[in-house]
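Student: Sharing a structure with you now.
The values are calculated or read from the model by the stated rules, or taken from the named source; none is laboratory data. All values derive from a computational prediction rather than experimental measurement. Note: ideal-geometry Cβ built from the backbone for every residue, glycine included; neighbour counts use all protein chains shown. The accessibility values were calculated without ligands, DNA or RNA, using every heavy atom of the protein model including side chains. Shrake-Rupley method; radii C 1.70, N 1.55, O 1.52, S 1.80 Å.
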Amino acid sequence: MGGERAAPLLEVRGVSKSFGAVAAVREVSFPLHGGEAHALVGENGAGKSTIVKMLAGVHEPDTGVIVLDGRELRLTGPAAAQAAGIAVIYQEPTLFPDLSVAENIFMGRQPLGRFGCIDRAAMKADAVRLFDRLGVRIDPDRPARGLSIADQQLIEIAKALSLDARVLVMDEPTAALSGVEVERLFAVARALCEQGAAVLFISHRFDEVFSLCQRLTVMRDGTWVSTDPVADLTVDQVVRRMVGRDVSTLFPKEDVEPGDVVLEVHGLTRHGVFSDIGFSVRAGEIVALAGLVGAGRSEVVRAVFGIDRYDEGEARVAGKRLPVGSPAAAVASGIALVPEDRRQQGLVMELSIERNATLTRLKPLSRLGLLGGGRERRSAREWTKRLQVKYGRLSDAVGTLSGGNQQKVVLAKWLATDPKVLIVDEPTRGIDVGTKAEVHRLLSRLAADGVAVLMVSSELPEVLGMADRVLVMHEGRITASLTRDEATEESVMFAATGRVSA
Amino acid sequence: MSARENGSRFVHKLWLAREFGIVVALGLLVLVTTVDSPNFLSPQSLRDLMLGAAILVVLAVGQTVVIISRNIDLSVGAVLGLVAFATGKLLSSAPGTPTVVAVLVGVGLGAVCGVVNGVLVAAARVPALVITLGTLYAFRGIDHSWARGEQINASDMPRSFLGLGTWTVLGVPVLALIALAVMLAVGFYLRNYRSGRELYAIGSEPAAARLSGIPVGRRVFTSFVVCGALAGLAGVLYAARFGTIDATVGTGIELQVVAAAVVGGVAIFGGSGSVYGAALGALLLTTIGSSLAVLRINPFWQQAVVGGLILAAIGLDRLLAVRAANRLRGRSSHGA
Amino acid sequence: GGTTRGSDDSPTANQATGQANPDAALVEGLDVAFLPKQVNNPYFTVADGGGKTATEEFKGKYKEVGPSEASASSQVSYINTLSQQQTDVIVTSANDPNAICGALNSARQAGAKVVTFDSDTKPECRDVFVNQVTAEGIAENQVKLISEQIGGEGKIAVLSATPNATNQNAWIELMRGELKKPEYAKIELVTVAYGNDEDQKSFQETQGLLRSYPDLKGIVSPTTVGVAAAARYLSGSEYKGKVALTGLGTPNQMREFVKDGTVKSFALWSPADLGYLAAYAGAALASGQITGASGEKFKAGKLGEYTIGADGIVVLGPPTVFDQGNIDKFDF
Amino acid sequence: MARDVVRSTLARWDTVLLVVLAAVVVVAGVLVEGFASGRNFQFLLLDVVAIALIALPLTLIVITGEIDLSVASTLGLCSAVMGQLWVAGLSLELVVVLVVGLGAVLGAVNAVFVTRFALPSLAVTIGTLAAYRGLAFVVLGDQAVADFPFSWTTAASSTVGGGSVPWAAVVTLVLAVVFGVVLHATPFGRSLYAMGNNAEAATFSGIRVARAKFWLFVVSGAVSGLAGVYWTLRFASARADNAAGLELAVVAAVLLGGVSIFGGRGTLLGVLAGVLLLGAVRNALQLADVAADTLNVVTGGLLIASVVVPNVVGMARTRWRRRQRTA
Ligand SMILES: Nc1ncnc2c1ncn2[C@@H]1O[C@H](COP(=O)(O)OP(=O)(O)OP(=O)(O)O)[C@@H](O)[C@H]1O
Ligand SMILES: Nc1ncnc2c1ncn2[C@@H]1O[C@H](COP(=O)(O)OP(=O)(O)OP(=O)(O)O)[C@@H](O)[C@H]1O
Ligand SMILES: [Mg+2]
Ligand SMILES: [Mg+2]
């Protein structure tokens, strides 16, 4: 590594940040060298995103400084960070739904033509060029509203690239992407490094960290643990430093004898989105819905749950047909859906942890139609404890939790309803390795208790490790239904890319 | 791309544009009225229509700038009233004041009111609806305490100033030309300048706008100042056109202004819409007033019709939006 | 107007109880409160100003209170306040003939004397109503003025205030009756338009009238806002001098249009005198000179002696007609 | 839960309002002649009853993130129809039932536009604000119906046992308790806060968002109809322009009461305190012969202060804490 001896391009020096009583980051220091990709790992809530936000100028550090080119930076806001050459991809997409994709990328930096006016043609061409670099095709003229999470993430990436920054910070950019897109992203990131930029990369997927990064910093509970060249590390070492202990098995799949069919779907069609979807899930079974991003998996489960209407077909739970377009009826008949976008769909960010955890069970928790304090609190405490949610007080707004802990609250609020069918959409998106194992154990446990689990996941190891059966979707259709034995990385990818097997 | 293809694309775009529906409604209204009463399209009558709409158009343009950034300014009617009275007072106590100075003073006073709104909304970060509802009461109260039942009449003001309200250039009233110029200037700015686009971004997703480094507070502040200044301009125009000013001028006009913007396809929660739509909305609302008067429709029905029309307009807008969304659903997002 | 059903079962109010003593002196230090339809309305500001002059003459304490929007409900709240303050005389112009009745009667029970002016309530809720002119007087005057200006024949229209303005509607009804007289047989009243006492609306309605009746000869607008707006529209349009306009307006508002020939003549009573008379009526009531009964007489300062007519109504006098010859003599 | 509520800033806003209200009453009682009397108390309550009534369902609506600006027009139309039905010879008992029903129907029209067509309620109710008021004029025109039976019109302002508490205020209080319990202690009320903060997440939690909003608008219409009955009887006059412009006063009271205009935040107690505070301030200033113009400035100022003060205090507190920590 040539950068070893040279002065770092950017340095985080002794920064701390507290939110009220929560010390999110304490005295953390690490360097970012030009030409290098640097990984930042840690459990959910370790303080990674908080560091990112300090680099982005969103939060001002309580103590400590950020040093760029040997000079102390005082970032008064996101604009100052951009001006200093720091580009940030946030953990959650931050798009303008009413504006076109191209404008989303270039907002505030649109190419100018005559009289200081925006040159729309140039802007569109620039957007197309960026997408070409990323190897994707998104219509730059369409509004951002209605784009899938993956497409949104790609636009975020394009936005960051367009800044031509010297420091690129990426907070879990790959959480919603599938293999192909991740590869393209890495190719771009490597190219940037070659031009001398520094990259800070955050991910819970170690294969990605190890394939992209040259150096790695571990954080635990808001404090710095270690910074080492990746070449000197193994995955087990990193995990131990992160969690403070060994993580046994990541996919603790229990063998269960499947019972009766609980969820049945026949000929489900929503024009232009998916068509003729049919499958069934038995009690005790974990069925994975695999496929590339944009294959329509989330749309299918949303339709089954009643969020979206469908044009043809039917869904049945325990033989009883579900009404179209009524989530309340779906819940009543025993379905639970853990949605893919926890910020928008999973949680009410401004409400407390307690309120969120009991939101699905207001009726059962009330007596004579009235809700008294105690029962809700007890229920919330019980379930957050079972899922080991890390929080300060139950009355804190759920929005102040880290991404992974938020995900656990979503799981808690659904598990509390004692569902017959549990649909989970990307259940471990943005969840650290320790928690991931817990979630998997939980799913496995639930299946063993007779719950029918339908799991949408873009993470192949998760699909292969957890599922009894794998349904693969491609462009709105099911292209393969594989048993646990038939399912391999090759067979799933084969079907997911639409090359129908002979 | 051939010219023909370009042309059909243009037609297609036109058909999709939110403003299209209003133009059709306006056309139908004029047609029906003209069939009943042919001189509805006489030059004098058209002049009257333009005159009638001009002030509302100026207000609606200003309101659009604010609504686009997910705010609202309910105080415009009070600002208009205050400025109209101030202008009248200025001209009646110093009759030698040139018209240009009167206009500048009025616009300036409006901008000052906008500054008050802007500071409260942007610096104290509080919802604009609450603030401007508060300043609606406050500005109107100041207007009342100042006027104390005094009325300023046309005879108190110089003829040159009043001429602003009646002069025409090639048959087109000066007032309408001013409104047109305001609309085009603001429309051009919102579409073609970075800071204009940033207003849309702020309205579309304020949190994301902050993260993108947009100076949200400053932009919102500016939008209120612009809206206030335009309300001030409208106040001056009002004084010139009607010549009779007391403390009640412009009472309740704020709802009409918001209605014009909404009818014109400006989304009430920000992020989309154009000043052209809002201006058309204003023109439509005033034309309804004139048409119903010409058609001798029971005056009691007028307000009900206006209300029904607002509902129809937002309903239609919704229908078009759903149609567009369905088309997007048909094509995959990856289709270029 | 009022739609009624069956008999009225409200108690017939205490019409003029007690004995009048015509020779009693006016009590000094009376609390006189003027409650107009709306404060800061120029017309009422002038009228209340007349009341102030009168009150100072008889050494009372004058004040003007009232809502900033013309609504009956806020008037009720002000009447309650006045009654709470033990006011001796309440002089008010009603936004609704019925809505403020209850409050006025409680105030009277608490000892206040109530005079209405300009716009009356039901007779049982006040002691005296000071009428600017009789409705018949207005109707006669307006029809006469317009007939002179259009040469006794042609189509005319009325531009009124709000559709539910009580006195406007009464006048318009009487004008229709007046027009039935033989000397006006060739005049046709085609329609009534409502400008809601707003400039802009009155403007639009004037335009509408001229559009829908191209052969319209004249417009009568018996409301100050309406006649000024109509005059302003006509003066800037091709109809100036061709379509006649008259109505009730203040000289200051109309001076310009009389001078430029848009309007030949119009009429109005003196609002200041109206308030002046009302204040004196109130003082006479509070001093026991009168009780409000028909036939009683009282002196109203510079205006001289007035006699109470039927239903407790006092009439100020005939309206003044303004034209090019005399308009410069007035300033209100 | 009690601790939870006490800690939240909102609850503090309730307390602030109640303290301010008490202060206003004490100060006015000492300084303003005629304020501290039973009769004045009665007038004050009679004046705020209509606003308080309409504010109850509106509070719930604003908490869900919607708004209903058509309330005063609904009141006006109901009043006009009440007049026509009475003239047509129906018994007043029946008329009242029909009019409240009409209010519910008018509310349902709003509800259909807002929930079925997914249109913004601000825009919809600006439309029906104009439409309903217009219809009121179509129904009753320039007429006023004023010959309601004396027994009914006096009942509207009669007091409990001839004291100073009007029956209408008692009815309002009972309704307020009902609305308060529904909002703060039932699954339905809980779900309103959730949908006000994030309707999508509420839908994903199996809450019937559209249905809840639908019924809220219906109830808002019905209560506005009831307020129309009260208004008509209190002023003994059914008119098309009754309560014109009252919507702004009601919205002002609700916002002053600490309900967030963006939804998801607010308490019923705060709103009641807000209604009473506005009423008491107006009443006291009126008695002190303060001009109507100044009253408006004060109302506006209160409204602005209600949102600016908590925000500025919050910001200052954060800044102060940070300075302490870094020092
Ligand atoms: N805005 C915030 N408000 C409150 N707490 C926060 C905030 N941002 C971060 N935290 C907390 O700080 C801790 C560390 O968070 P950070 O996001 O840096 O962790 P992480 O390593 O990125 O976790 P993940 O694996 O979810 O990405 C977490 O416990 C999180 O809950
Ligand atoms: N705005 C905030 N207010 C209060 N607490 C916050 C805030 N932001 C973060 N925190 C807290 O700070 C800690 C760090 O959160 P952060 O988001 O940095 O975690 P993270 O490491 O990114 O976690 P994840 O991997 O789950 O994204 C958490 O305990 C979180 O609850
Ligand atoms: Mg994070
Ligand atoms: Mg998905």
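Student: Skip the ligands, DNA and RNA, and give the accessible area per residue of the range D:44-243 with a 1.4 Å probe, whole Å².
Tutor: With all protein chains present, the range D:44-243 gives 28 Å² per residue.
Student: Taking H placed 1.01 Å from N in the peptide plane, check which residues at least 5 places from A:ARG142 or on another chain put their amide H under 5 Å from its amide H.
Tutor: A:VAL101
Student: Right, another one. Can you give the angle from 0 to 90° between the axis of helix A:433-448 and the longest principal axis of chain A, with both taken from C-alpha atoms, to the nearest 10?
Tutor: Here the helix axis deviates by roughly 10 degrees.
Student: Same structure, new question: In the structure shown, do any of C:LYS144/C:LYS302; C:LYS259/C:LYS302; C:LYS52/C:LYS113; A:LYS17/A:LYS413; A:LYS159/A:LYS408; C:LYS180/C:LYS217 have a Cα-Cα gap over 27 Å, and if so which?
Tutor: Where the Cα-Cα span goes over 27 Å, the pairs concerned are C:LYS144/C:LYS302; C:LYS259/C:LYS302; A:LYS17/A:LYS413; A:LYS159/A:LYS408.
Student: Using the Cβ atoms and a cut-off under 10 Å, what net charge is assigned to the surroundings of A:ILE51, where Lys and Arg are +1 and Asp and Glu are -1?
Tutor: +2
Student: In peptide A:321-331, how many Cβ atoms from other protein chains are near each Cβ within 10 Å, on average?
Tutor: 2
Student: Could you give the nm distance between label points at A:ASP132 and A:VAL65, where each point is 7 Å from its Cα heading toward the beta carbon?
Tutor: Output for this residue pair reads 4.4 nm.
Student: Could you compute the net charge surrounding C:SER212? Neighbours are other residues with a C-beta less than 10 Å from the C-beta of C:SER212; K and R count +1, D and E count -1.
Tutor: Summing Lys/Arg as +1 and Asp/Glu as -1 gives +1.
Student: Then there's this: What's the center-to-center distance, using Cα atoms, between the range C:211-243 and the range D:127-183 in Å?
Tutor: Here the two parts' Cα centres lie 42 Å apart.
Student: Quick one: 3J(HN,Hα) in Hz for the range C:191-196, Karplus 6.51/-1.76/1.60 with θ = phi - 60°, rounded, Gly and Pro as x.
Tutor: 3J(HN,Hα) across the range C:191-196, in whole Hz: 6, 10, 10, 10, x, 6.
Student: Taking only C-alpha pairs under 8 Å that are 6+ residues apart, what is the relative contact order of the range D:44-243 in percent?
Tutor: 45 percent
Student: Amide H of C:PHE266: which non-local residues (sequence gap of 5 or more, or other chain) have their own amide H closer than 5 Å, using H built in the peptide plane?
Tutor: Hits under the 5 Å cutoff: C:PHE322.
Student: Among A:GLY259, A:ALA79, A:GLY179, which residue has its Cα furthest toward the positive end of the charge dipole of chain A, with +1 on Lys/Arg Cβ and -1 on Asp/Glu Cβ?
Tutor: A:ALA79
Student: Give the peptides C:201-209, D:248-256 in descending order of average Cβ contacts within 10 Å, highest first.
Tutor: Result, highest mean Cβ count within 10 Å first: C:201-209, D:248-256.
Student: Now for a different question. Any idea of the accessible area per residue across the range A:275-314, 1.4 Å probe, to the nearest Å²?
Tutor: Result: 29 Å² per residue.
Student: Cross-link candidates for A:LYS253: which aspartates and glutamates have Cα within less than 12 Å, leaving aside residues fewer than 8 places away along the same chain?
Tutor: Partners found: A:GLU285, A:GLU438, A:GLU462, A:ASP468.
Student: Taking 22 Å as R0, compute the FRET efficiency from the Cβ-Cβ separation of C:LYS59 and C:GLU305 and round it to 0.05.
Tutor: 0.60
Student: In the range D:103-193, what trypsin sites (Lys or Arg not before Pro) fall in a loop by DSSP, with at most 13 other Cβ atoms inside 10 Å?
Tutor: In loop regions of the range D:103-193 (DSSP not H, G, I, E or B), there are no sparsely surrounded trypsin sites (Lys or Arg not before Pro).
Student: Continuing with this model, one more query. Is any helix in chain B, taking whole DSSP H runs, at least 30 angstrom long along its axis by alpha carbon and on average at least -0.5 on the Kyte-Doolittle scale, and which ones?
Tutor: Membrane-span-like by this rule: B:43-68, B:216-242, B:299-330.
Student: Give me the one-decimal nm value for the distance between modelled label points at C:ALA293 and D:SER37, 7 Å along each residue's Cα-to-Cβ direction.
Tutor: Going from the C:ALA293 label point to the D:SER37 one covers 3.0 nm.
Student: A further question follows. Ignoring ligands, DNA and RNA and using a 1.4 Å probe, state the total buried accessible area between C and D in Å², rounded to the nearest 100.
Tutor: 2900 Å²
Student: R0 = 51 Å: FRET efficiency of C:GLN324 with B:VAL115, Cβ-based, nearest 0.05?
Tutor: The formula returns an efficiency of 0.60 here.
Student: Compute accessible area for the range C:26-64 by itself and then with all protein chains, 1.4 Å probe, and report residues whose area falls by 50 Å² or more.
Tutor: C:ASN40, C:PRO42
Student: Moving on to the next point. What aspartates and glutamates does C:LYS240 reach when the alpha-carbon gap must be under 18 Å and sequence neighbours fewer than 8 apart in one chain are set aside?
Tutor: Candidates past the 8-residue exclusion: B:ASP48, C:GLU148, C:GLU205, C:ASP215, C:GLU256, C:ASP260, C:ASP323.
Student: Check the protein assembly as shown for me: any Cys whose beta-carbon has no other cysteine beta-carbon within less than 4.7 Å?
Tutor: A:CYS117, A:CYS193, A:CYS213, B:CYS113, B:CYS227, D:CYS78
Student: Specify the residue with the greatest mean-square fluctuation among C:ALA228, C:ALA94, C:ALA193, computed from a Gaussian network of chain C linking alpha-carbon atoms under 10 Å apart.
Tutor: Of C:ALA228, C:ALA94, C:ALA193, the Gaussian network model singles out C:ALA193 as fluctuating most.
Student: Roughly how big is the B-A contact, given as buried accessible area in Å² (both sides, 1.4 Å probe, nearest 100)?
Tutor: 2700 Å²
Student: Per the 1.4 Å probe, what fraction of the accessible area of the protein assembly as shown, in percent, lies on carbon and sulfur atoms?
Tutor: 58 percent
Student: Additional query: Mind checking the angle between helix A:373-386 and chain A's longest principal axis? C-alpha axes, 0 to 90 degrees, to the nearest 10.
Tutor: The two axes meet at around 70 degrees.
Student: Which value, in Å² and to the nearest 10, is the accessible area of A:THR94 when all protein chains are kept and the probe is 1.4 Å?
Tutor: 20 Å²
Student: Can I ask one more? Return the average number of partner chain Cβ atoms within 10 angstrom of each residue Cβ along peptide D:299-310.
Tutor: Counting other chains' Cβ atoms within 10 Å and averaging over D:299-310 gives 6.
Student: In nm, to one decimal, how far is the D:SER158 label point from the A:ASP141 one, both placed 7 Å along Cα→Cβ?
Tutor: 7.3 nm
Student: If you don't mind, there's one more thing I want to ask. Considering only protein heavy atoms, what per residue accessible area in square angstrom results for the range B:37-317 with a 1.4 angstrom probe?
Tutor: 29 Å²
Student: Kindly write out, for the range A:394-399 in residue order, the coupling ³J(HN,Hα) from the Karplus curve 6.51 cos²θ - 1.76 cosθ + 1.60 (θ = phi - 60°), rounded to whole Hz, with x marking Gly and Pro.
Tutor: Couplings: 4, 8, 6, 5, 5, x Hz.
Student: Let me confirm one metric for peptide D:247-257, namely the mean number of other chain beta-carbon atoms within 10 Å of its residues' beta-carbons.
Tutor: 2
Student: Still on this model: Could you give me the ³J(HN,Hα) list for the range B:149-157, computed from phi with Karplus coefficients 6.51, -1.76, 1.60 and θ = phi - 60°, whole Hz, x at Gly and Pro?
Tutor: Values per residue, Gly and Pro as x: x, 7, 10, 9, 10, 3, 5, 7, 10 Hz.
Student: With a 1.4 Å probe and all protein chains kept in place, how do A:PHE251, A:PHE115 rank by accessible area, largest first?
Tutor: A:PHE115, A:PHE251
Student: Between the alpha-carbon centers of the range B:127-181 and the range C:81-152, tell me the distance in whole angstrom.
Tutor: Using only Cα atoms to place each centre, the spacing works out to 33 Å.
Student: Please sort C:51-59, B:265-273, D:178-186 by packing, taking for each peptide the average over its residues of neighbouring beta carbons within 10 angstrom, highest first.
Tutor: Those peptides, ordered most packed to least, come out B:265-273, C:51-59, D:178-186.
Student: A further question on this structure: What lysines could a cross-link reach from A:LYS320, if we take a straight Cα to Cα line under 23 Å and drop same-chain neighbours fewer than 8 places away?
Tutor: By straight Cα distance, A:LYS320 reaches A:LYS363, A:LYS420.
Student: Taking each pair of distinct Cα atoms in the range D:44-243 once, what is the resulting Kirkwood hydrodynamic radius in Å?
Tutor: Across the range D:44-243, the inverse of the average 1/r is 17.3 Å.
Student: Taking chain A as the reference, fit the longest principal axis to its C-alpha atoms, fit the long axis of helix A:149-162 to the helix C-alpha atoms, and give the angle between the two in degrees, 0 to 90, nearest 10.
Tutor: Computed tilt is about 0 degrees.
Student: Highest first, please rank the peptides A:85-91, D:191-197, A:105-111 by the mean number of other Cβ atoms sitting within 10 Å of their residues.
Tutor: The peptides rank, most packed first, as D:191-197, A:85-91, A:105-111.
Student: Suppose a student asked you for the relative contact order of chain C, using Cα pairs under 8 Å spaced at least 6 residues apart; what percent would you report?
Tutor: Over chain C, the number comes to 21 percent.
Student: On to the next question. Could you work out the relative contact order of chain A, using alpha carbon pairs under 8 angstrom and six or more residues apart, expressed as a whole percent?
Tutor: With pairs under 8 Å counted, the relative contact order is 16 percent.
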